[in-house]
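Only the coordinates and a few stated rules stand behind these numbers; no lab work does. Predicted model only: the values in this text are computed from it and were never measured. Cβ placement follows ideal geometry from the backbone for every residue including glycine, while neighbour counts extend to all protein chains displayed.
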Amino acid sequence: MNAQKLDWSDIPFVLAVCEAGSLSGAARQLGVNHSTVFRRIEGVETRLGVTLFERLSHGYVMTAAGEHFFQNGLQLRDGMNNIQRELGGQDLRLAGALTVTTTDSLLFCLAPVFSAFQRQYPDIELRLLSDTRPLDLMQRDADIALRPTNSPPEHWIGRSLSPLAYAAYAQKDFLDEVQSRPATEHRWIRLNDSLYQSPMSRITAKHKAESAPVTVSNSLMGVLELVRRGLGFGALPCYLGDACPDLVRIHNPEEKFGSSLWMLTHPDIRRSARVHAFFEFSTGRIREALKNI
């Protein structure tokens, strides 16, 4: 006959008898009466179909089955005690590495959010990757991606955080200097984008005179700095250009050049405590940061 399923609540009664060597000693240890311990022990033996104790005049002595139960039961009790000690009543601090990839300009703009998250969770090792190359969350290049896009990959999950607008900017003194010159002499600072797919490249292509001189940077922050230095016009995200008081927007953003900022992760790790903590902590703060610029 197959043994019946053991009730977890019976284990402390068996362990108490093993340790005390008597029903009365176990009853005192557990804070119950003698008859309760007797019924629980009898019930365990019946369900398991074994005898755990020899009933002797001087007390209860473990059988071989009882010793086996005792050794394994101690491990279970120790495990439960560890869980209670380590988790019970504690506000556990999240720990481990969390890799977030984003663009150089968003890293610059959202640095206060990243800093606040790191202060809130000091045991998490926040790894920030500034990279514009296509990344593959399937290959775990990163845990979270913060990227401007109008079409996030279908196999990733996440949130749309904010619309992003783009426009061309110039430094104030530079703009005053070149306004009287023909457009063919207006230098443009262009992002290195051979396929002209980025909003900045498309805006540059629309507004730059065909034969106007060009300076190329492979970094959006490089474009920003050169425009701020008065070297030429440059297309920038509005969250970056509008934050610089010495820059002037030379046209209004056009909807066709806009995109959205997405926070994305791989489905397999969406329930990770670290990923969840970052999503919940940063979503509102990022929206607020971009709204206020």
Inset, instruction - Rounded to the nearest 500, what is the 222 nm mean residue ellipticity of the chain from helices alone, with -39500 (n - 2.57) per DSSP H run of 4+ residues and division by all residues? - result: -12500 deg cm²/dmol
Inset, instruction - Using only the Cα atoms of region 243-283, construct the convex hull and provide its projected area averaged over every direction, in square nanometres to one decimal. - result: 5.1
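Report relative contact order for region 166-257 in percent, whole number only (criteria: Cα-Cα under 8 Å, sequence separation at least 6). Mind dumping the intermediate values first?
On the way: 166 pairs, mean separation 43.2, N = 92.
In percent, rounded to a whole number, it is 47.
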Inset, instruction - With a point put 7 Å past each Cα toward its Cβ, work out how far A183 is from N218 in nm, to one decimal. - result: 3.1
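Using mean Cβ contacts within 10 Å as the protection proxy, how do 156-162, 254-260 order, highest first?
Working: 156-162: 16.6, 254-260: 13.6.
Top of the packing list down: 156-162, 254-260.
If Lys and Arg each add +1 and Asp and Glu each add -1, what is the summed charge of the other residues whose beta carbon sits under 11 Å from the beta carbon of V248?
Values: positive: K172, R249; negative: D173, D176, D242, D246.
Surrounding charge for V248 is -2.
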Legend entry - Calculated on alpha-carbon atoms, Rg and Dmax of region 153-276 in Å: 17.2, 59
Inset, instruction - With the cut-off at 27 Å, report for the chain the share of all Cα pairs above it, as a whole percent. - result: 60
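Using just the Cα positions, wrap region 8-87 in a convex hull and report its mean projected area in square nanometres, one decimal place.
Working: hull surface 20.9 nm².
Average projection, Cα convex hull of region 8-87: 5.2 nm².
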Inset, instruction - May I ask you to list the lysines whose Cα is less than 26 Å away from that of K208, ignoring any residue fewer than eight positions away on the same chain? - result: K172, K256
Inset, instruction - Of all alpha-carbon pairs in region 37-81, indicate the percentage at a distance above 16 angstrom. - result: 44
